[in-house]
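Beneath this line is the structure, given in structure tokens, with notes to follow.
The values are calculated or read from the model by the stated rules, or taken from the named source; none is laboratory data. Since we're looking at a predicted model, the values are computed, not measured. Here Cβ is always computed from backbone atoms with ideal geometry, including for glycine, and neighbour counts include all displayed protein chains.
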Amino acid sequence: MKIAFAALTFALGLAATAAWSEDTPLNQPDAGAWNVYGQGQTVKNVRDDAVQGGGYKRVTIANSTTNPWDIGANVEIDKPYQQGDSLTFAVWLRIESSDPNATISVPADIQINQAPYTAVIQGNVDVTTQWQLLYVTGTADKDYAGKGATVASLNIGGQPKVIDLGPAFVIDGGKAQ
């Protein structure tokens, strides 16, 4: 796990020296940890040794939804973090498409895990037909408790699609500079 975390830290362009010991993973990066919700989707666990972690969740959305958040996927954040901490939500994603140049934009955030689901950090990631490690970053606005208080979330509703969800990483880089 430490080797995978160090590789992820390097891939994200975070400090590649002593800062590794300061960066803290806040979740278990397992594709099986995804909670997919909303009407009109089906989920299949796929074993694939070519994917980091050995598998992914394939989500098929057959029909359009009114809002992107009508169908979503989230991963619980297990550990607490504090106001001013630099957060990164990174995830391996790809879409299935007959067009090899297809790209979709997916809202990605860390949010509280109860109504009104306020975002702690947010952004969009551009998903292609190739596996990519995509990420959003930001700074925590206040202190948040551990397990279940917040989640890393993707809003994947909207247009019909097939999207593959690989491992997700939530990293606390310590106090933002």
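When the range 13-28 is filtered for residues that are modelled with pLDDT under 90 and surrounded by 17 or more Cβ atoms within 10 Å (Cβ to Cβ), the ones remaining, listed by number, are LEU14, ASP23. For the range 55-105, the candidate set comprises residues that are among the β-branched types (Val, Ile, Thr) and in contact with a Pro (Cβ under 8 Å, 6 or more places away or on another chain); within that set, the residue that is farthest from GLN159 (Cα to Cα) is VAL91.
Could you say whether any residue in the range 139-147 is modelled with pLDDT of 95 or more and under 22 Å from ILE71 (Cβ atoms)? Looking for residues that are modelled with pLDDT of 95 or more and under 22 Å from ILE71 (Cβ atoms), one finds none in the range 139-147, hence no. Only strands (runs of 3 or more DSSP E) whose full extent lies in the range 69-177 are considered here, and the ones with at least 1 residues that are hydroxyl-bearing (Ser, Thr, Tyr) and surrounded by fewer than 22 Cβ atoms within 10 Å (Cβ to Cβ) are 85-96, 103-112, 119-128, 132-139.
Can you confirm whether ASP49 is surrounded by 13 or more Cβ atoms within 10 Å (Cβ to Cβ) and either of a type outside the set (Phe, Trp, Tyr) or part of a loop (DSSP other than H, G, I, E, B) (or both)? The answer is no for ASP49. Among the residues of the range 32-59, how many are at negative phi and either charged (D, E, K, R) or at pLDDT below 90 (or both)? Residues flagged as at negative phi and either charged (D, E, K, R) or at pLDDT below 90 (or both) within the range 32-59 amount to 9.
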